[in-house]
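The values are calculated or read from the model by the stated rules, or taken from the named source; none is laboratory data. These figures come from a predicted structure and were not determined experimentally. As a convention, Cβ positions derive from the backbone with ideal geometry for all residues, glycine included, and neighbour counts pool all protein chains shown.
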């Protein structure tokens, strides 16, 4: 292991040089959570982002070919602005129909 004095010499600083003192950080103001009518929510809605408050993650570990095929399908349907979530939902709804289960509204 390299000694501290050797590191300090390599950096061009004296070994017993005092550490610089950082200026105190300003006190942060209290920020309120954005409301439904906030500009952030409106901007996110305009950008097509999904509010994930009432959603859950459904994950699985699959062969990488599944992801590659989904990405190719997404590219083929690029004009429709399809998302990976919508492709997953469509696939699961088709599976539910196959086994006579109720489908989930997208």
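Quick notes on this one:
- Filter result for residue 75 (modelled with pLDDT of 90 or more and in a loop (DSSP other than H, G, I, E, B)): no
Let's see how each residue does on (1) modelled with pLDDT of 95 or more; (2) surrounded by 10 or more Cβ atoms within 10 Å (Cβ to Cβ):
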| site | (1), (2) |
| --- | --- |
| 1 | no, no |
| 7 | no, yes |
| 21 | no, no |
| 68 | yes, yes |
